[in-house]
Amino acid sequence: MTSTVVIMAAGRGTRMKGLANDRPKHLLTVLGRPFLDHLLDRLKQAGFRDIVMVTGHQNHAFQPYQGRRGIRLVEQQLLHERYGTAAAVESAREAVGQAPFAVVSGDNLYSVDDLRKVTIDSASAWIGGYKTAAWQGMGILKLKNDGALEKIIEKPQNFVGDLINASLYLFTPAIFEIIERLQPSPRGEYEITDAVNALAAREPVNVFELEDRWLDLTTPSDIPKIEKALRGGEI
């Protein structure tokens, strides 16, 4: 069983319209607690015992979590001036060692049952997809005939599918070799989605569909939606 998970929590929360000026958006209050605490609760219930949190923006705000409930803080290393989600995963390389590890986005919320799907022992990578009619502006998982990932198509203008990337991964250390050779995206960042596409071109990347709700904390309007879902026990 995979018991190590990396939380990507280095983002600046630029779409939070000022709410994240004095603290990382992952620590914004949701139903009386930091959003991050809701994610940590579910990770623990899913069986993760070693939690590596990669931080960047306002690192000091995460210090109270160091050593709490098996959490290790790793500051995102801007290796070779790299920035982005792939750089966050790369920063956890020493912490995760040579074993498979899960990766989640620190501004996403998943059910315990869906998180358990990335605790399996596997010799290959997995990626979680969430089926939704609100696919616009999202990364779409395009599958091969055998159900494995062909590629992630970022924010297509036209409909190519409704299974979106839920930023829920299971990786082997092979992902680090891919990240080492990665080129920056058009926006100048090193993207984990580009690394996954490169990996899928080399070897099978398995796809599973989330069975429960998936919630994303991106804009201020997401906070009441998440609170409503939590109150109703929907996730």
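Read-outs: derived from the displayed coordinates by stated rules, not from any lab. Being a predicted model, the structure only gives us computed values, none of them experimental. Cβ placement follows ideal geometry from the backbone for every residue including glycine, while neighbour counts extend to all protein chains displayed.
Taking the three principal axes of the alpha carbon atoms in the chain, the coordinate ranges are 45, 39, 36 Å, sorted in descending order. One quarter of the surface of the convex hull around the alpha-carbon atoms of segment 163-235 equals 6.7 nm², the direction-averaged projected area.
Among Ser105, Ser122, Ser185, the largest mean-square fluctuation in a Gaussian network model of the chain, built with springs joining Cα atoms closer than 10 Å, belongs to Ser185. Across segment 192-201, rounded Karplus estimates of 3J(HN,Hα) from the backbone phi angles (6.51 cos²θ - 1.76 cosθ + 1.60, θ = phi - 60°) give 5, 5, 5, 5, 5, 4, 5, 5, 5, 6 Hz, Gly and Pro being marked x. For Leu215, the amide hydrogen comes within under 5 Å of the amide hydrogens of Leu109, counting only partners 5 or more places away or on other chains and with H modelled in the peptide plane. By DSSP, the beta bridges lying fully in the chain are antiparallel in about 50 percent of cases. Footprinting exposure proxy ranking of Asp222, Asp162, Asp22, fewest other C-beta atoms within 10 angstrom first, gives Asp22, Asp162, Asp222.
In the chain, the calculated helix contribution to ellipticity at 222 nm averages -6500 deg cm²/dmol per residue, counting -39,500 (n - 2.57) for every DSSP H run with n ≥ 4.
Mean sequence separation of contacting Cα pairs (under 8 Å, at least six apart), scaled by the length of the chain, corresponds to a relative contact order of 23 percent.
3J(HN,Hα) along segment 46-58: 6, x, 6, 10, 10, 10, 9, 9, 8, 10, x, 5, 6 Hz, from the Karplus curve 6.51 cos²θ - 1.76 cosθ + 1.60 with θ = phi - 60°, whole Hz, x for Gly and Pro. For a straight C-alpha distance cut-off of 23 angstrom, the lysines reachable from Lys151 (same-chain residues fewer than eight places away being disregarded) are Lys117, Lys131, Lys142. Highest GNM mean-square fluctuation among Thr219, Thr85, Thr55, for the chain modelled with Cα contacts below 10 Å: Thr219.
Scattering from segment 7-93 was approximated by placing one identical point on each alpha carbon and applying the Debye formula without solvent; log10 I(q)/I(0) at 0.10, 0.16 1/Å stands at -0.25, -0.64. Across the alpha-carbon atoms of segment 45-114, the computed radius of gyration and Dmax are 12.6, 38 angstrom. Could you tell me how far the Cα centroid of segment 130-207 sits from the Cα centroid of segment 50-68, in Å? For segment 50-68 versus segment 130-207, the Cα centre distance is 26 Å. Summarising the amide proton neighbourhood of Val207: residues at separation of 5 or more, or on other chains, whose placed amide H is nearer than 5 Å comprise Ile127, Leu149.
Mean silhouette area of segment 75-184, derived from the convex hull of its C-alpha atoms and averaged over all directions, reads 8.2 nm². Can you pull out the trypsin sites (Lys or Arg not before Pro) in segment 82-148 whose DSSP state is coil and whose Cβ has at most 16 other Cβ atoms within 10 Å? Those satisfying the criteria are Lys144.
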